[in-house]
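The structure appears below as structure tokens.
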């Protein structure tokens, strides 16, 4: 593996030819000080970007609306849905769906055992949420916003603290921080297998234009 960035990286967002992330710079008056950065596969360099570029990647073309409307635009998960809609979910599980005209279409909670999801991955007309506190991932219907299938949780040992989710080609990749690995879930058969294993917790996995990126305790790496 090749190290791309050290400790302090947060919230990796894939882009066309690289990824954007927040970098923790320190603390000031009990508040986190962050900067916004981009890694490009074209020149293999990290560069500073503006907050607006980060918000555009996270919220799309309506980012200015969400910057003004949301109380906290950093500590939330976003997922782009069909028909140019966007889902926004906070650590409490409180969630919203807005259409392309910034009209609120759904508001509710996506919790499991009183915890909100760590990440979301959209899969056709459904989406998956990860719940590291319960060692489970859950599939929801976009039509009803109700849970349909749970993998892990309870007495099952299939997953250990699942966090980041990434969907591609009928496969859901799961960053399993409790087992220092990335798992593969076939969304048709629901079979789970190990994909990558390491020596430290893996918080996020993404495949961007053929480049595999993992976010671990010590930083960002290209596999």
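In terms of packing, defined here as the mean over residues of other Cβ atoms within 10 angstrom, the peptides 1-13, 172-184 line up highest first as 172-184, 1-13.
Quick one: 83, 99, fewest Cβ neighbours within 10 Å first, how do they rank?
If I rank by nearby Cβ atoms, fewest first, I get 83, 99.
Specify whether the C-alpha gyration tensor of the stretch 77-218 places it in the rounded, prolate or oblate class, a ≥ b ≥ c being the square roots of the eigenvalues: rounded for a/c under 1.5, otherwise prolate if a/b is larger than b/c and oblate if not. Prolate.
What does a probe at residue 146 reach in the stretch 90-133, counting residues whose amide N is under 17 Å from the point 7 Å along Cα→Cβ? Under cut-off, by backbone N: 107-112, 126-127.
Counting pairs of alpha carbon atoms under 8 Å apart in space and at least six apart in sequence, what relative contact order in percent does the stretch 88-207 give? Could the numbers behind the result be given before it?
On the way: 280 pairs, mean separation 17.6, N = 120.
Relative contact order comes out at 15 percent.
The modelled label-to-label distance for the pair residue 160/residue 193, using points 7 Å beyond Cα in the direction of Cβ, is 2.1 nm. Once both labels are positioned 7 Å from their Cα atoms along Cα-to-Cβ, the gap between residue 7 and residue 47 label points is 2.9 nm.
Here, each number is a calculation from the coordinates, and none is a lab measurement. From a predicted model like this one, the values you see are computed outputs, not experimental measurements. Because the Cβ atoms are built from the backbone with ideal geometry, glycine has one as well, and the counts that use them run over all protein chains shown.
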